[in-house]
Amino acid sequence: GTESPEESLAEDADSTEQEETGMRISVKSEQYEIIYELNDSTAANELYAQLPFTTEVEPFSNNEMTFYPEKLDVTDTPLSGGETGSLSYYEPWGDVVMFYAPCAPNSSLYELGTVVSGAEHIQNLSGTITVSAVEERSGL
């Protein structure tokens, strides 16, 4: 990155929630749509830059749905806590993970964002999904 470490730390310290910030993405199957708010990490910005794309969603274990974007750079990307509703990136496999039940955090799992709507539908996703940017037009 071009910004100094001091700057990014200062941003993190100011954790007041500002509604107008934020890149939101939609993960949509034929029947369901889940909206995530991305963080401002390198990996999240790279994912956002790839949108929109269509891919297959793949269930994994009993707590997550996954899909594969192009490889993301995890520099300056926070580790994920594996919480329900978190959007994470598992760096060794290069998959984006949508948790619908908690998972044990590990040093290769990075946080991309958090679900803002449709969390109850994550486990119902199947088949082809479209991942796209959500335009913030309305004052939610």
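Looking at segment 98-106, can you tell me whether even one residue there is under 18 Å from residue 134 (Cβ atoms) and within 13 Å of the chain's Cα centre (by Cα)? Yes, there is a match, as at least one residue in segment 98-106 is under 18 Å from residue 134 (Cβ atoms) and within 13 Å of the chain's Cα centre (by Cα).
Which of (1) under 18 Å from residue 22 (Cα atoms); (2) among the aliphatic types (A, V, I, L, M); (3) exposed (fewer than 13 other Cβ atoms within 10 Å of the Cβ) is the odd one out, the single condition residue 104 does not satisfy? With (1) under 18 Å from residue 22 (Cα atoms); (2) among the aliphatic types (A, V, I, L, M); (3) exposed (fewer than 13 other Cβ atoms within 10 Å of the Cβ) applied to residue 104, the lone miss is (1).
Considering every residue within segment 47-63, establish whether at least one is buried (at least 19 other Cβ atoms within 10 Å of the Cβ), in a strand (DSSP E or B), touching a helix residue (DSSP H, G or I) at 6+ places or on another chain (Cβ under 9 Å) and modelled with pLDDT of 95 or more. Looking through segment 47-63, none of the residues is buried (at least 19 other Cβ atoms within 10 Å of the Cβ), in a strand (DSSP E or B), touching a helix residue (DSSP H, G or I) at 6+ places or on another chain (Cβ under 9 Å) and modelled with pLDDT of 95 or more. For segment 25-36, enumerate the residues that are part of a strand (DSSP E or B) and surrounded by fewer than 18 Cβ atoms within 10 Å (Cβ to Cβ). Matches in segment 25-36: 33, 35.
Comparison of 128, 114 shows that the only residue that is under 13 Å from residue 35 (Cα atoms) and open to solvent by 40 Å² or more (accessible area, probe 1.4 Å) is 114.
For residue 22, all conditions in the list (1) open to solvent by less than 80 Å² (accessible area, probe 1.4 Å); (2) farther than 16 Å from residue 128 by Cα; (3) at pLDDT 95 or above hold save one; what is the number of the exception? Residue 22 satisfies every listed condition except (3).
The values are calculated or read from the model by the stated rules, or taken from the named source; none is laboratory data. Everything numeric here is computed off the predicted structure, so don't read it as measured data. FYI the Cβ positions are ideal-geometry reconstructions off the backbone, even for glycines, and counts take in every protein chain you see. Quick note on the areas: whole protein, heavy atoms, side chains included, nothing else; ligands and nucleic acids left out. Shrake-Rupley method; radii C 1.70, N 1.55, O 1.52, S 1.80 Å.
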